[in-house]
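Remarks on the structure that follows.
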Amino acid sequence: MQYELLPKVLKQENSQFFKVDRTWQPKDLIPDPYRRNLLKDAQEKFNELSLAEREFRTLDRAHLYVKSLRRMRLTIKDAQFAWRHDDLKFLAAIASFFQDYGTILRFLKEDQARGRLKNDDN
């Protein structure tokens, strides 16, 4: 078998490899402004939720809320580390963050429907 295309693919993507472990870390899969906006949006959403951590702890599923917040904190840090160097890792971290964010929103909607989010003075 004469290999012509595969060596070309490797040569074309050669600069995208991290030298230590030869892991493919593509850059510029998504434009920089989009990456920056995704990270900023995730950070703002996380900051808002983390301010409400005390309120989360009063709900029936407090352990699930707190567990999701902790995981979101780690995925934000992963995204911050990877956002300029590895688009795949960045996208995976952002996707994980928003998956947890969606889970928290779903739980909050369920708690609201059960009347758990009503203030005591009402």
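The values are calculated or read from the model by the stated rules, or taken from the named source; none is laboratory data. Values in this document were obtained by computation on a predicted structure and should not be read as measured data. FYI the Cβ positions are ideal-geometry reconstructions off the backbone, even for glycines, and counts take in every protein chain you see.
A few points about this structure:
- Flag if K118 is assigned to a loop (DSSP other than H, G, I, E, B) and over 10 Å from the mean Cα position of the chain (by Cα): yes
- Within segment 99-122, the only residue that satisfies the criterion of being under 14 Å from L38 (Cα atoms) and crowded, with 16+ Cβ neighbours inside 10 Å is Y101.
- Single residue of segment 30-56 satisfying the filter (more than 30 Å from L88 (Cβ to Cβ) and either among the charged types (D, E, K, R) or in contact with a strand residue (DSSP E or B) (Cβ under 8 Å, 6 or more places away or on another chain) (or both)) that is surrounded by the fewest Cβ atoms within 10 Å (Cβ to Cβ): R54
- In segment 78-93, the condition of being exposed (fewer than 12 other Cβ atoms within 10 Å of the Cβ) and either closer than 21 Å to E53 by Cα or modelled with pLDDT of 90 or more (or both) is met by no residue.
- Selection status of L59, surrounded by 14 or more Cβ atoms within 10 Å (Cβ to Cβ), without any contact (Cβ under 8 Å) to a residue 12 or more places away in the chain and more than 15 Å from the chain's Cα centre (by Cα): no
- Pairing each residue of segment 28-40 that is within 18 Å of D78 (Cβ to Cβ) with any residue that is among the polar types (S, T, N, Q), provided the two are 6+ apart or on different chains, yields C-beta distances under 7 Å for L39/Q80.
Yes/no per residue for (1) in a helix (DSSP H, G or I); (2) touching a residue at least 60 places away in the same chain (Cβ under 8 Å); (3) over 12 Å from Q43 (Cα atoms):
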residue	(1), (2), (3)
H63	yes, no, yes
R70	yes, no, yes
L74	yes, no, no
F81	yes, no, yes
R84	no, no, yes
L88	yes, yes, yes
A92	yes, no, yes
A95	yes, no, yes
G102	yes, no, yes
